[in-house]
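The values are calculated or read from the model by the stated rules, or taken from the named source; none is laboratory data. All values reported here derive from a predicted model rather than from experimental measurement. With ideal geometry, Cβ positions are generated from the backbone for all residues, glycine too; neighbour counts draw on all protein chains shown.
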């Protein structure tokens, strides 16, 4: 394996740490866009991704603070019907008993914010320390004989050959697992997978963390420009919020995250932010992972759209199956028609920025 930086350097180690159920889109949306049969296949694969992730953690004793529960919090009263419908759909059509609707009084007892009006609690979803998980996987791979070449940037890829600044690797099969760091290696993927940056801040240890998030679950909300947060093992609030595009981070990440954090938790106005960081992930137009065969002998898996803890783990398994000649499950994703981002290489970032500004305004209405 060749890695341009260190294992876990990008969003693999600097994400929100949420191991969610399903895909980035709700099952109702998937049924309407792809049909009930395809939506069921995607649900089953997502369930496998959770099971696989948890089993790897337990089997290889990866110390990454795995804890149960994700609460999807609705920031507008009008989303209550949608939350109820999704929970009911999962319970009744997908035989999934772990999701339940949470009303206004209960969600405000669970999360000390007046900004949430209802939600869906998923007790089989989970959250974890993402960098420790990525490093644990790398150590496990190294023990089984995988050769990890860090600080070895791929500069050009052709069928059977990966070129780097210091040499080349030849192999009958090549897997591109670059996500937000594709950097021009494969143009056909770049038109459908776009890098964006997301930012996280860690407060000082809180005197009473359970007063903020009662049940130690992770939380993500219904905004298009999503807020997500959870507690760390040492009682800090880890709050993710704010985005930008390309590869430039703001000069003051803490200030960028503090604004949405205080919108959710104004009682933290005097709480110090001790650490802040960002990571580059990748989104697709339809928010589904992008699996592809750009050229013979090359596979690509990317575009997890903020849902990569489980799906990126499963992507490795599905890619290995395809390399071994069993491509049916890989092709469930690869066969979905994938829209390109409009505007081409020069205009897609400005167009996406305008779209995100519009969605950000909609979040406030």
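Computed values, structure above
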read-out	value
Per-region count, the stretch 225-276, residues assigned to a strand (DSSP E or B) and either exposed (fewer than 12 other Cβ atoms within 10 Å of the Cβ) or under 23 Å from the mean Cα position of the chain (by Cα) (or both)	15
Criterion (at pLDDT 95 or above and over 16 Å from residue 41 (Cα atoms)) met by exactly one of 327, 315, 322	322
Per-region count, the stretch 1-30, residues in contact (Cβ under 8 Å) with a residue 24 or more places away in the chain, surrounded by 18 or more Cβ atoms within 10 Å (Cβ to Cβ) and within 23 Å of residue 70 (Cβ to Cβ)	19
Looking only at the stretch 98-119, and only at residues there that are within 23 Å of the chain's Cα centre (by Cα) and outside any strand (DSSP E or B), the one that is farthest from residue 239 (Cα to Cα)	98
Criterion (within 23 Å of residue 110 (Cα to Cα) and either at pLDDT 95 or above or assigned to a helix (DSSP H, G or I) (or both)) met by exactly one of 29, 44, 65, 95	65
Number of the condition not met by residue 72 [criteria: (1) in contact (Cβ under 8 Å) with a residue 24 or more places away in the chain; (2) part of a helix (DSSP H, G or I); (3) within 20 Å of the chain's Cα centre (by Cα); (4) farther than 25 Å from residue 319 by Cα]	(2)
Residues of the stretch 53-62 classified as part of a helix (DSSP H, G or I) and in contact (Cβ under 8 Å) with a residue 24 or more places away in the chain, total	4
